[in-house]
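Since the structure comes first, as structure tokens, the remarks are kept for the end.
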Amino acid sequence: MKDLLKNVKAQITAGVGIVLATLGTVFSDKVEEFFGVEDDTAVAVEQKQEVNVEGPNITINIPEQKKDTVVKKVYVKPKEKLTETEKRKKEGIDW
């Protein structure tokens, strides 16, 4: 029960602190408004700003594209000429 009361007391204290801080801020804003003291943010809003809509010119240089040519050499062995004896062996005539 004591823990519950401590938690409630802490929450009430925090709530009262937040309310007092808010009231202090509102009060100081009203006093500044009454005496004509301008806030820095109000001055910043009134300043004129120029914006460059076009933006910078960007030039991209692309080098000339060269076609890659791959040359592959294929060597073909010439057919061997058979001698008379080898021709006869293939035909099945062998002495």
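The values are calculated or read from the model by the stated rules, or taken from the named source; none is laboratory data. From a predicted model like this one, the values you see are computed outputs, not experimental measurements. Reconstructed Cβ throughout: ideal geometry from the backbone, glycine too, with neighbour counts over all protein chains shown.
Tabulated values for the structure
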{"read-out": "Meets criteria (surrounded by fewer than 10 Cβ atoms within 10 Å (Cβ to Cβ) and either modelled with pLDDT of 90 or more or part of a helix (DSSP H, G or I) (or both)) for Leu20", "value": "no"}
{"read-out": "Tabulated pairs, segment 1-22, first among the polar types (S, T, N, Q), second assigned to a helix (DSSP H, G or I) and modelled with pLDDT of 90 or more, C-beta under 6 angstrom, 6+ apart or interchain", "value": "none"}
